[in-house]
């Protein structure tokens, strides 16, 4: 039987999803957490202030590509679970600088697997049985859908961007380390996340902030590209279900059953802000929408069938898109210091991903 209180090593725990996972684990479990993060542009320790003083939490600045350092931390902390979230994750940035994505997502995952395998082989039998390497991935590895259909655990990989290709490669490495070396792994592929503490280069926080700032709201193409939206706290609950109770060697799809096209998402944000913080001139925020040239290789539609996760592990999303997006907008209105500090430093809302690859 697995212990009730686990020791969990989280990579990328200062990022959006990683910090949400750490906050949940400290606030809603007895697990001990070691968070390692390289603190690149999207890593933000202020997202962890609510739990930073917990005696069950420790942060170490480290890069997942540094195999020796990571292995030493594993031997010191002795985790039961490794949740590997550290990744470059923005499609537009991958178009501009694909080498960063290959290094972090492919080489970094390879490094983590090397360290994890050596650590796992040194455990006794019961400790080996209780160990999990949980790799967190994306639905983008499956390519694009047409008007109908859903991604499932049986869908063939068909990545279309440097980002999705790098994540597909990392998924395959994790699967290979399970089948070849016996490392106990699980993989999750999730749909588009949103919620508090989301780095403002992504669509939802970018639109909220540009609305408030009175700037044009960039919508790619005609705004008809469709995504399945998942509130980040629902995703975190799914991750816990998988590494606490999931079956070794399995993959699980995680989706919010909340398909919306990009223009609808922008309209919804504008309408909420029209109610919560109307413009001084009385005009709707929708008037700030500006259609711009589409992103190269922009996949038309993603949608996930999360039936396996729902049926085997009893997970369901608690937030609808409508409830989750209103919570998110309210959070950005109430936490301006968090995102203005980012604007003053690493990211000012400029257009990325215009195919100037390096």
**OP:** Just subtract the alpha-carbon distance of residue 28 and residue 100 from 0.36 nm times their residue separation and send over the number in nm, one decimal.
**Re:** 22.5 nm
Subject >> Label point at residue 312 placed 7 Å out along Cα→Cβ; residues across region 182-205 whose backbone nitrogen lies under 12 Å >> reply: 185-189
**OP:** Arrange the peptides 103-115, 77-89, 270-282 so that the one whose residues have, on average, the most other Cβ atoms within 10 Å appears first.
**Re:** 77-89, 103-115, 270-282
Subject >> Contour minus Cα-Cα distance for residue 344 and residue 148 (0.36 nm per residue) >> reply: 66.3 nm
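Please list 117-128, 151-162 highest first by mean number of surrounding beta-carbon atoms within 10 Å per residue. Walk me through the numbers before you get to the answer.
Details: 117-128: 13.3, 151-162: 16.3.
Peptide ranking by packing, descending: 151-162, 117-128.
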**OP:** Starting from the exponent 0.38 and prefactor 2.2 Å, build the expected Rg for region 143-212 from its residue count and divide its actual Cα Rg by it.
**Re:** 1.47
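Which shape class, rounded, prolate or oblate, goes with region 141-267 when its Cα gyration tensor gives a ≥ b ≥ c as root eigenvalues, a/c under 1.5 marks rounded, and past that a/b bigger than b/c marks prolate?
Working: a/c = 2.25, a/b = 1.81, b/c = 1.24.
Cα axes put region 141-267 in the prolate bin.
Subtracting the Cα-Cα distance from 0.36 nm times the residue separation, let me have the gained length for residue 247 to residue 322 in nm, one decimal. Walk me through the numbers before you get to the answer.
Numbers: separation 75, 0.36 × 75 = 27.00 nm, distance 3.24 nm.
Gain in length upon complete extension: 23.8 nm.
For region 140-275, what proportion of DSSP beta bridges, expressed in % and rounded to the nearest 5, is antiparallel? Let's see the in-between values first.
Values: 3 of 10 bridges.
Taking every DSSP beta bridge within region 140-275, about 30 percent pair in antiparallel fashion.
Mind giving me the FRET efficiency for residue 78 and residue 46? R0 is 35 Å, r the Cβ-Cβ distance, nearest 0.05 is fine. Don't skip to the end; give the middle numbers.
Details: r = 29 Å, r/R0 = 0.83.
The computed FRET efficiency comes out at 0.75.
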Original post:
So what are the radius of gyration and Dmax for the Cα set of region 18-168, in Å?
Top reply: 16.9, 50
**OP:** Please find, in a Gaussian network model of the chain (springs between Cα atoms separated by less than 10 Å), the residue of 62, 72, 14 whose mean-square fluctuation is greatest.
**Re:** 72
Subject >> residue 179-residue 7 pseudo-label distance in nm [points 7 Å out on the Cα-to-Cβ vector] >> reply: 3.2 nm
Subject >> Cα-based helix-to-principal-axis angle, 108-121 vs the chain, degrees rounded to 10 >> reply: 30 degrees
Subject >> the chain: equivalent-ellipsoid semi-axes (sqrt of 5 x gyration tensor eigenvalues, Cα, Å) >> reply: 33, 22, 20
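A short reminder: the numbers here are calculations on the coordinates, not readings from a lab. Here the structure is a predicted model, which means the values were calculated and not measured. Positions of Cβ are generated from backbone atoms using ideal geometry, with glycine treated the same way; all protein chains shown enter the neighbour counts.
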